[in-house]
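These notes are about the structure you will find just below.
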Number of protein chains: 2
Amino acid sequence: MTADGQTRVAVVLVRARNPLNIGAAARAMGNFGFADLRLVNDYDVPFHEARSAVDAAPVLHAAQQFASVADAVADCTLVVGTTAMGERRLLHPVEVLRDAVPHMQDAVTRQDGRVALLFGSEKTGLSAAEMSHCHRLLTVPMRNGGISMNLGQAVAVCLYEVARGAPPQRTLPPASRQASGEELQRFESLLREVLHGSEYDRRFPGNMGEDALHRLVRRLTLPGDDVEIWLGMLRQMVWKLQANARPPS
Amino acid sequence: MTADGQTRVAVVLVRARNPLNIGAAARAMGNFGFADLRLVNDYDVPFHEARSAVDAAPVLHAAQQFASVADAVADCTLVVGTTAMGERRLLHPVEVLRDAVPHMQDAVTRQDGRVALLFGSEKTGLSAAEMSHCHRLLTVPMRNGGISMNLGQAVAVCLYEVARGAPPQRTLPPASRQASGEELQRFESLLREVLHGSEYDRRFPGNMGEDALHRLVRRLTLPGDDVEIWLGMLRQMVWKLQANARPPS
């Protein structure tokens, strides 16, 4: 990926517990030319401890903290989760690290494209709910049924691979941007209203779980330029279903 | 490198001071399919502490300790040193990590070939005397004059690259298919019914042209496995809009 492309890649650490790992991740980011670190944590201690370490990387001082994954990826058009591919049944397609990079490159090449690369907590990785915000999942290929990687090492290996390739020479005009996390949230929330208004949620409650609907919407690769049209369609459906539901005066 | 080739690669940690780093290096070795860990240390403490950690990797239990670099690489036909390429004037040619791997591959393919990959201490890296045992030097390419890497991260990145070219042993779940043209037609036709039922077509006729709706639906990359869910949602909306439209009996 080009150095310019890398400025559009955010590393998101979700529930990282060990300040040493947060520090190591920030250091790897600096070494490989990344600057946008975001932390999602329900308590502040690891971030503060990491930041007050004597050798804290500059990246760490500029890091931002968010209350939820949704907030942390709101401006991102491609959200990539990392997973160790353990026992858990994955509801997304998974690709190996090197195969995921071209998709990230493609995303940052688009207008207003921004990529979030998510890493879960040291013990449990990303939860199903956290993964439901992802468009894609990647895994670092391991041998002999390798166990999960140390968080700092996983970040270093992933960023090494992203920075590894020579910048591809594109002569095509940039492709259009993908919908951002915030736009997908608005789409999803209106869709939920329509499904409620049409009583879909009564007949198929199993398809209406928060994570299930998250994933369903993110598996669509909704183009940014189409967002307003789709939102307009959904708004109109909400309006009509509500108008119908009102008792005739 | 093939899995068989990797059995002929030894990782040599020279004067590693931090037991956590030794543990992390061993863990990365296990993950990427390497087994031969060698430590060169003038005192025993870090090795013993690393080995007695509760989550010590199996690789660590089989590790060997040597009194000197010369002893540690005595059976190796290619010795590769790692360096951060700092201030020090290097007396060896240095190549970037990815360019060093083919030489390592070549060495393990030869009869009785065996490779040593040397990492120096956390603070100072490999000394000139230690480097003098090396046939080649490699460096992990960094951006913005990146500082030296954490030892555990450097080992992980190097071993990732050495193992990178090998065919993955784990089979990933196949990527899901995309919706077929026929499925997209059914989606589009139901969507059109919903837009009609909700009077969207009256307000925005310009978005309802046959080609415009075709394109809108095809710009979504609808996964094949999700088609039935989306069709079910649309059918339910059609049903509800029609039920509402019927005059109360």
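Length available on full extension from B:R17 to B:Q111: 0.36 nm per residue minus the Cα-Cα distance, which gives 30.4 nm.
Screening chain B for DSSP H helices whose Cα atoms reach 18 Å or more along their own axis and whose mean Kyte hydropathy is at least 0.0 gives B:19-32, B:151-164, B:227-245. For B:R203, neighbours were defined as the other residues whose beta-carbon sits under 13 Å from its Cβ, and their charges (Lys and Arg +1, Asp and Glu -1) total +1.
Electrostatic tally near B:R114: other residues with Cβ closer than 12 Å to its Cβ, Lys and Arg +1, Asp and Glu -1, net 0. Taking the inverse of the mean 1/r over every pair of distinct Cα atoms in chain A gives a Kirkwood hydrodynamic radius of 19.3 Å. Remark: the B:K123-B:R186 segment gains 16.2 nm on full extension, using 0.36 nm per residue and subtracting the alpha carbon distance. With R₀ set to 35 Å, the beta-carbon distance separating A:T221 from A:A67 gives a calculated FRET efficiency near 0.85.
Exposure proxy for B:V12, B:V40: other Cβ atoms within 10 Å of each Cβ, ordered fewest to most, give B:V40, B:V12. Sorted shortest first, the distances from the A:R203 label point to those of the same residue in the other copies are 2.4 nm; each point sits 7 Å from Cα along Cα-to-Cβ. Within the shell of other residues whose beta carbon sits under 13 angstrom from the beta carbon of B:N150, the net charge comes to +1, with Lys and Arg scored +1 and Asp and Glu -1.
Note on the range B:181-245: dipole from Cβ charges, positive end direction compared against B:A245, B:L184, B:V227; the farthest Cα belongs to B:A245. Annotation: the residues A:C134, B:C134, sorted from fewest to most other C-beta atoms within 10 Å of their own C-beta, follow the order B:C134, A:C134. Applying 1/(1 + (r/R0)^6) with r as the Cβ-Cβ distance of B:H48 and A:A245 and R0 = 56 angstrom yields a FRET efficiency of 0.15. A Förster radius of 22 Å combined with the Cβ-Cβ distance from B:D201 to A:A212 puts the calculated FRET efficiency at roughly 0.15.
Placing a label point 7 Å from the Cα of B:A245 along the Cα-to-Cβ direction, the distances to the matching points in the other copies come to 2.0 nm, shortest first. Distances between copies at A:Q65, taken between label points 7 Å from Cα along the C-beta direction, are 4.2 nm in increasing order. Adding -39500 (n - 2.57) for every DSSP H run of four residues or longer, then dividing by how many residues chain B holds, sets the calculated 222 nm ellipticity at -13000 deg cm²/dmol.
With a 10 Å cut-off around each Cβ of A:233-246, the average count of Cβ atoms from other chains is 5.
In terms of packing, defined here as the mean over residues of other Cβ atoms within 10 angstrom, the peptides B:43-51, B:232-240, B:157-165 line up highest first as B:157-165, B:232-240, B:43-51.
Dipole magnitude for the range A:181-245: computed about the Cα centre from +1 point charges on Lys and Arg Cβ and -1 point charges on Asp and Glu Cβ, it is near 260 debye. Please report the antiparallel percentage of DSSP beta bridges with both residues in the protein assembly as shown, rounded to the nearest 5. Restricted to the protein assembly as shown, the bridges split so that about 10 percent are antiparallel. Placing unit charges on the Cβ atoms only, positive for Lys and Arg and negative for Asp and Glu, gives the range A:3-164 a dipole magnitude near 320 debye about its Cα centre.
The antiparallel fraction among DSSP beta bridges confined to chain B stands at about 10%.
Any read-out appearing in this document is the output of simple, stated calculations on the displayed coordinates, not a laboratory observation. Keep in mind the model is a prediction, meaning the values are calculated, not measured. Neighbour counts are summed over all protein chains in view; Cβ atoms, including those assigned to glycine, are modelled from backbone coordinates with ideal geometry.
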